[in-house]
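Here is the structure we will look at.
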Amino acid sequence: LFFSLVKKYLVPAREDRILEVGCSRGTLLQKIQDIAPNSYGIDINRKAIDAGVTSNLQAMDATKLKFPDGFFDKIYTAHTIEHIPNLLHALQEMDRVLKRGGRALLIYPAEPIRGLFCIPSAFLLRENPLAIHIHKLSPKRLMEEFIPQTQFRHIESRFSFFPIPPQYLTILEKE
């Protein structure tokens, strides 16, 4: 599902340099690399990176991206930004490494209560029932609190009931 959203909203091309923030083992990135081979994935979880299924994976904090300014044509993140403690700094870093005119796709849960939809995975994957989402996000909150402190311009936001759980998509462009 995330693959179809990245294809639809970022339209990856062979020559694109793309970054996935929060790639885990790189399963989605691997599909993106079939289209844009010069794509990279980062995740803070060293164990996930070490068990990676594709190339160009690095253990890295989203608030300290080790890439040059304007290095990427496109960036996406799927159900990751709600976990980042210093979300503003992570968005500023994404802004820094994205080329002018580049696009970013943010996919994040539409939760009525912060952490509601991550309780099963908190138990199963993290073995920690307290590892809930740090942020309860909406397009409005992103546009009011975070995006004005970047060079991003809001292109579009959408709400989707499917897949379960419901989610938001926000498309940004670097001015």
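With an 8 Å Cα cut-off and a minimum separation of 6 or more residues, compute the relative contact order for the chain in percent. Present the calculation step by step, with values, prior to reporting the outcome.
Numbers: 361 pairs, mean separation 33.3, N = 175.
Result for the chain is 19 percent.
State which entries of Lys8/Lys99; Lys64/Lys136; Lys47/Lys140 exceed 25 angstrom in Cα-Cα distance in the structure shown. Show your work: numbers first, answer last.
On the way: Lys8/Lys99 20 Å; Lys64/Lys136 23 Å; Lys47/Lys140 34 Å.
Checking Cα-Cα distances, Lys47/Lys140 exceed 25 Å.
Check Ile155: other-chain or 5+ apart residues with amide H under 5 Å from its amide H, H built from backbone geometry?
Under 5 Å from the amide H of Ile155 lie the amide H atoms of Ile171, Leu172, Glu173, each far enough along the sequence or on another chain.
Putting +1 on Lys and Arg Cβ atoms and -1 on Asp and Glu Cβ atoms, find which of Phe71, Ala13, Gly41 reaches farthest to the positive end of the dipole of the chain.
Projecting each Cα onto the dipole axis, the largest value belongs to Ala13.
Computed from the coordinates by the stated procedures, all read-outs in this text should not be read as laboratory data. As the structure is a prediction and not an experimental result, all values here were calculated from the model. So basically every Cβ, Gly included, is an ideal-geometry build from the backbone, and we count neighbours across all protein chains shown.
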